[in-house]
Amino acid sequence: MLDVLRLVWFDLRHEIYPPVWITLQWFSFAIQIFLYGALISQLVPSTTQMPSYQQFYAVGFIVMMTFDVGSHAGREFVEAAHEGRLPYLLCLPISRSKLFLSIALKGGLELALMLMIPFAITLTLIGNLTVVSVVAAAATLFCLGFGVAGLMLGLSFIAFKSSDLYSAITTGLSAIIVRFSTVLYPLAVMARTSPGYASAAMFSPLTYGADLVRLFLGFNPGILLDPTTAVAVLTALAVSTLGLGTFLLGRLVEGVRSG
Amino acid sequence: MTELSLILRLARNDFSYFFRTKWLMAILISLHLSDMLVVALVYKNLMSINYFQFFVPAVIVMGLFVAALDTGRRIWLAIREGVIQYYLSLPITLRGIVVAYLLAGGLAAVVYSSSLLLIALVVLPAQAVWNTFILLPFLFILAMGLAGIAATLAALASTHGEYFFACQQVVQTVLLTLSTVFYPIEVVKTYFPAILVNIVSANPLSLAAEAMRQYTFSGYPVQPLLLISILLTSLPFTIVGAIAYLAVLRTFRVKGKL
């Protein structure tokens, strides 16, 4: 276990010293919620189903941050292959399962560091919560983060052909996944705009993550997806993509380099 | 070969590099098209105003802004990867290199945002397309100003990539949030103190978005005062950026590093 922790620290310290990325995420969150979110919510009439768009947006932004951290973990794996760190890690006297565990743990810790303050602010903004609802919401975010990281890891085989193409696909895909989801707006409003948009949103993992977190934080279930489906989809995503990541790390990465 | 033709060659090289960066194009196009065709449309059904009509012209200005800011990334890459040493070996003055970068940044941003404008014209009827031709030179000056901001950041960050990208994101977030790109000035007035309202009103992005909304899409007659305001608020950024980049190039020429 000590080997795993050492590896986690080896990668994580670059994020902490100096904590540029973490501070930046917190700063972005503050601006997005207290300026953008507050102003844009003035344009959204409050209804019984959604009394405050700012709160709706705050949860959506937390989910977007989770997505960002998850995809960053996936992209970092590709960068490691590109910059020669992956062959170094592979030649260490440590099993592949431990190596994978260290990558997953590092992703989890990174996610916790990034979300700590924004999540606390969001909870304060919403108020009236229970310990169970907060823990369930945090667990959903972690499940989503692992799922997204696994998805990006799964796509890393493209990078072994061309890292430029990988960056193009993942970044392009990221924008689409966020826009076609319920992160920014409820599914019913998307359906009213175009049934095609609502159908596309059903394929975005963020839709399930955002709606499940909102349900745990006390939003009106009338504007959210069925929680059973959301739990099933998020669990399936995390398990399948992490399984794929384990397979890739165990079998395919030996000797590959990202071009 | 004259200095001018060298500047144009260098500018052309940088201009084409922007459009050849596949991942960047993927980000920009997916972001702005989804903003225009998904976010604006869905928000229209959620908000009390016709947000589609309000936001689509602003997406063009956002495109101009983001594309112009990429000049900073290219300058930073040139510093980090030593391409700047190659530029210094060319028979071109330092001022020429600075002008070439700002020209390329401005032009790339205008070309990119024009492509967004063409898409916007398909989805949102414009009352006076010809007004855009009057706006274009001013948008070009604005793009050069934004490229100047990016150049300043790249010069300050030197080879420290994390600082450069962090500063760029902060500037991008602050300039966009403190503008009327996303929300009308009436909403800003109800929420912000007077000093911030003045900053939002004077933000060149607010002015450009307003010009695009009023003159191209609503068809109001072009007001020279607004165009002069765009010019006056953009020029300082261009000048500061040019001076900062020039200082970096001078340091490089004397010391060989930053």
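Just so you know, all these numbers are worked out from the coordinates, no wet-lab data involved. Predicted model, so just to flag it, every value in this text is computed and none were measured. As a convention, Cβ positions derive from the backbone with ideal geometry for all residues, glycine included, and neighbour counts pool all protein chains shown.
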Report summary line: Taking Cα atoms only, helix B:94-123 is inclined relative to the longest principal axis of chain B by an angle, in degrees rounded to 10, of 30 degrees
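Taking the Cα centre as origin and putting +1 on Lys and Arg beta-carbons and -1 on Asp and Glu beta-carbons, what dipole magnitude results for the protein assembly as shown, to the nearest 20 debye?
Dipole of the protein assembly as shown, to the nearest 20 debye: 820 debye.
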Report summary line: Highest mean packing first, using Cβ neighbours within 10 angstrom, the peptides B:96-104, B:117-125, A:117-125 sort as B:96-104, A:117-125, B:117-125
Report summary line: Checked the stretch B:91-184 against the a/c 1.5 cut and the a/b vs b/c comparison, axes a ≥ b ≥ c from its Cα gyration tensor; verdict oblate
Report summary line: FRET efficiency for A:ILE94 and A:ARG13 from the Cβ-Cβ distance with R0 = 22 Å, rounded to 0.05, comes out at 0.75
Report summary line: Two pseudo-spin positions, 7 Å from Cα along C-beta at B:SER218 and at A:SER240, lie apart in nanometres by 4.9 nm
Query raised in the report: Using the alpha-carbon atoms, what tilt in degrees (0 to 90, nearest 10) does helix A:131-154 show relative to the longest principal axis of chain A?
Result: 50 degrees
Query - Simple Cβ-charge dipole of the stretch B:3-255, Lys/Arg +1 and Asp/Glu -1, about Cα centre, in debye nearest 20 - result: 520 debye
Report summary line: For the stretch A:21-174, the charge dipole (Cβ of Lys, Arg +1; Cβ of Asp, Glu -1; about the Cα centre) points to a positive end, and the Cα of A:SER95, A:PHE142, A:PHE27 closest to that extreme belongs to A:SER95
Report summary line: Other residues with Cβ under 14 Å from the Cβ of B:ASP35 give, with Lys and Arg +1 and Asp and Glu -1, a net charge of +2
Query raised in the report: log₁₀ I(q)/I(0) of the stretch B:11-104 at q = 0.15, 0.17, 0.21 Å⁻¹, via Debye over equal Cα point scatterers, no solvent, to two decimals?
Result: -0.69, -0.79, -1.01
Report task. Could you work out how far apart the two model spin labels at B:TYR191 and A:ILE22 are, taking each label as a point 7 Å from the Cα in the direction of the beta carbon, and quote it in nm? Result -> 2.9 nm
Query - Environment charge of A:LEU101, counting only residues whose C-beta is closer than 15 Å and scoring Lys/Arg +1, Asp/Glu -1 - result: +1
Query raised in the report: In Å, what Rg and Dmax follow from the Cα atoms of the stretch B:116-258?
Result: 17.7, 56
Report summary line: In degrees rounded to 10, the 0-90 angle between helix A:96-126 Cα long axis and the longest Cα principal axis of chain A is 20 degrees
Query raised in the report: Quick one: if the Förster radius is 51 Å, what FRET efficiency do B:TRP130 and A:MET202 give, using the C-beta to C-beta distance and rounding to 0.05?
Result: 0.70
Report task. For a quick protection proxy, order the peptides A:62-73, B:179-190, B:82-93 by their average other-Cβ count within 10 Å, most packed first. Result -> A:62-73, B:179-190, B:82-93
Report summary line: With bins of 10 Å, the percent of all Cα-Cα pairs of the stretch B:1-61 per bin from 0 is 20, 29, 22, 18, 9, 2
Query raised in the report: Taking amide H positions as placed 1.01 Å from N in the peptide plane, with prolines and chain starts having none, which residues 5 or more places from A:SER162, or on another chain, fall under 5 Å of its amide H?
Result: A:GLY259
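Assuming a viscosity of 0.890 mPa s and a temperature of 25 °C, what translational diffusion coefficient in µm² per second does Stokes-Einstein assign to the stretch A:22-63, Rh being the Kirkwood radius over Cα pairs?
231 µm²/s
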Query - Cα convex hull volume per residue for the protein assembly as shown (Å³) - result: 159 Å³
Query raised in the report: Under 25 Å Cα-Cα from B:LYS22, which lysines qualify once same-chain neighbours fewer than 8 residues away are excluded?
Result: A:LYS161
Query - Unit charges at the beta carbon, dipole of the stretch B:3-255: most positive-side option, B:ILE230, B:PHE252, B:LEU135 - result: B:PHE252
Report summary line: Taking a ≥ b ≥ c as the square roots of the Cα gyration tensor eigenvalues, with a/c under 1.5 meaning rounded and otherwise prolate when a/b beats b/c or oblate if not, the stretch A:2-252 comes out prolate
Query raised in the report: Taking every pair of alpha-carbon atoms in the stretch A:1-88, what share in percent sits in each 10 Å bin, from 0 to the bin with the longest distance?
Result: 14, 32, 25, 16, 10, 2
Query - Relative intensity, log₁₀ I(q)/I(0), of the stretch B:3-255 from a Debye sum that treats every alpha carbon as a point, q = 0.07, 0.08, 0.15 Å⁻¹ - result: -0.24, -0.31, -1.05
